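What follows is a set of notes on a single structure, which appears directly below.
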Amino acid sequence: IYRTPVLTMASSAGGSVRIELASPPYAWISWLVLSMYSGVYAQAVTISARFYSTYEISDSAFVYGALRNLVVIYFVECILAVRFGWCAMSPGWTLKELNQHHVPFIVGVSLLFLLGRPEAWLPAMCVVLHTALNEALFIAKGLGAPEWLSKFRRIFGFCIVALLLLVETWCLLRTSIHWLSSGEILEVLIAQLAWGAVSYHAILLRMYVKRWQKTG
């Protein structure tokens, strides 16, 4: 099915014009990205179910694999946006916003594995995988899902970002204290890069609150 791509132009609060990315002209592309996000969320649910049954993250390799899958999806979305001006999550996303969301995550996770210290961030990884549902619901809306699903997405998005903010802050503080007590100052400094993610998610929560204050 071919859909005519439409670039959406909207005015921001400051009066400037936002040029939003167009939905892919072929519906199967959006369905494919939706299925990929849904697959990651299914992995996240599996990880959570195992955690609640054993009260420990017993299969770190499975978590790492799921996280790599999410990185691949983000990379694919960046290519679609930069090369073709498409975004499966549109309407609502500009190229700048997509890159601000996806690129730091890709770089951060890649550095985490390159530096060989992913185990310290396992709890945050388990939570961030659940955000795949948020992206999947964005796409579902573009494919014609009912409005109540968008309301559910906003509630879910707020809850999962709030939980992620708490968990990643805890991981950051725990990791920093661990390396500081071991005298590994370089490791402490490297860990501070995670403040970027903490700040971003704090800003997201503030945006959620402002939206609810305006719309009620």
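The values are calculated or read from the model by the stated rules, or taken from the named source; none is laboratory data. For clarity, every value in this text was computed on a predicted model and none was experimentally measured. Glycine gets a Cβ as well: all are built from the backbone with ideal geometry, and neighbour counts include every protein chain shown. For accessibility, only protein heavy atoms count, side chains too; no ligands or nucleic acids. Shrake-Rupley method; radii C 1.70, N 1.55, O 1.52, S 1.80 Å.
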Restricting attention to the stretch 197-216, the residues that are of a type outside the set (A, V, I, L, M, F, W, C), at pLDDT 90 or above and open to solvent by less than 50 Å² (accessible area, probe 1.4 Å) number exactly 1
By my count, helices (runs of 4 or more DSSP H) wholly in the stretch 134-216 with at least 1 residues that are touching a residue at least 60 places away in the same chain (Cβ under 8 Å) are 185-191, 195-215
For the stretch 83-100, the count of residues that are in contact (Cβ under 8 Å) with a residue 24 or more places away in the chain, open to solvent by less than 50 Å² (accessible area, probe 1.4 Å) and in a helix (DSSP H, G or I) equals 1
With criteria (1) more than 13 Å from the chain's Cα centre (by Cα); (2) open to solvent by 30 Å² or more (accessible area, probe 1.4 Å), Pro104 comes up short on (1)
Within the stretch 103-132, residues part of a helix (DSSP H, G or I) and without any contact (Cβ under 8 Å) to a residue 24 or more places away in the chain come out as Val107, Leu112, Leu114
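Conditions tested, residue by residue: (1) basic (Lys, Arg); (2) over 19 Å from Pro91 (Cα atoms); (3) out of contact with any Phe, Trp or Tyr (no Cβ under 9 Å at 6 or more places or on another chain).
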| residue | (1), (2), (3) |
| --- | --- |
| Trp148 | no, no, yes |
| Lys151 | yes, no, yes |
| Cys159 | no, yes, yes |
| Leu166 | no, yes, yes |
| Trp170 | no, yes, yes |
| Arg174 | yes, yes, yes |
| Leu186 | no, yes, no |
Of the candidates Leu34, Leu80, the one satisfying the condition of being in contact with a strand residue (DSSP E or B) (Cβ under 7 Å, 6 or more places away or on another chain), part of a helix (DSSP H, G or I), at pLDDT 90 or above and not hydroxyl-bearing (Ser, Thr, Tyr) is Leu80
Considering the stretch 143-190, residues that are surrounded by 13 or more Cβ atoms within 10 Å (Cβ to Cβ) and of a type in the set (Ser, Thr, Tyr), and then whichever is modelled with the lowest pLDDT, we arrive at Ser150
Condition set open to solvent by 30 Å² or more (accessible area, probe 1.4 Å) and modelled with pLDDT under 95, scope the stretch 124-141, selection farthest from Ala44 (Cα to Cα): answer is Lys141
